[in-house]
1. Quick one: which residue in ASP98, ASP105, ASP84 is under 29 Å from ILE176 (Cβ atoms), in the same structural domain as GLU7 (by TED's automatic domain parsing) and not β-branched (Val, Ile, Thr)?
2. Just to be sure, is LYS169 in contact (Cβ under 8 Å) with a residue 40 or more places away in the chain and touching a helix residue (DSSP H, G or I) at 6+ places or on another chain (Cβ under 8 Å)?
3. With the condition kept exactly as written, say whether any residue in the range 131-138 is in the same structural domain as ILE166 (by TED's automatic domain parsing) and in contact with a Pro (Cβ under 8 Å, 6 or more places away or on another chain).
4. Being more than 18 Å from LEU117 (Cα to Cα), modelled with pLDDT of 85 or more and of a type in the set (D, E, K, R) narrows it down to one residue among ASP66, ASP46; which is it?
5. Quick check on the range 54-78: of everything there that is of a type in the set (A, V, I, L, M) and in contact with a helix residue (DSSP H, G or I) (Cβ under 8 Å, 6 or more places away or on another chain), which residue is farthest from ASP8 (Cα to Cα)?
Amino acid sequence: MRVLIIEDDPQLSDELAKLLTQHNYQCDVAESIGDAKYYLDIRNYDLVLFGWSYFSPSANLNMIGDIKKTSHKTSVIVISERLDKESEIEALRSGADDFIRKPIDEEILLIRIEAKLRFGASNIIEIDDLIINPEEEKIIYEGNEIELKGKPFEVLTHLAMHKDQIVSKEQLLDAIWEEPELVTPNVIEVAINQIRQKMDKPLDITTIETVRRRGYRFCFPKKIN
């Protein structure tokens, strides 16, 4: 599960990232709205922890609506030192799924996160007879399970989530690899080749097309012949 932490307090954001990492969440940290928009453009998140301080303008809450509009399956929890009921109401009306006051009780935070991810919208992708279940790392086509795991599965899932969009190698590296600067773009080609060898060719379908010099695009499964 991937979490984006939007928090302008470096100490708190570092503590939250360490806590969540210890519980097997993948975390990115944004210390500004601009940084957050960058991460949201290149990656899919299961949950966003949205820091809203006394000094943050109410207009910042508009970003929650933007997140929900483009990624309606992403849960948003606002964390804030604002104690008044009006602020909590404002955050929830802006689209937040939950509101937690600071100082944060770590155990309560983890339980609330688990609850949101457990009861939140499903991340399962269904397109015609193709079902991709990111949570269980499972692919089913026409009732049959396909053996595709690891990075190739993550590449397929990311492209499916951005169906009909051209996604570059660089965007795939940033979205999937923990340290993209330490790997070469060739790993994307290897992953795409495994998808085609293990899935497309045996099933006589096409799921990914190469757009020359631009990247890759997920397309509907359809018979080649």
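The values are calculated or read from the model by the stated rules, or taken from the named source; none is laboratory data. Please read these numbers as outputs of a predicted model, since none were measured by experiment. Reconstructed Cβ throughout: ideal geometry from the backbone, glycine too, with neighbour counts over all protein chains shown.
1. Exactly one of ASP98, ASP105, ASP84 is under 29 Å from ILE176 (Cβ atoms), in the same structural domain as GLU7 (by TED's automatic domain parsing) and not β-branched (Val, Ile, Thr), namely ASP98.
2. So LYS169 passes the test.
3. The answer is no; no qualifying residue exists.
4. Only one candidate qualifies: ASP66.
5. ILE67
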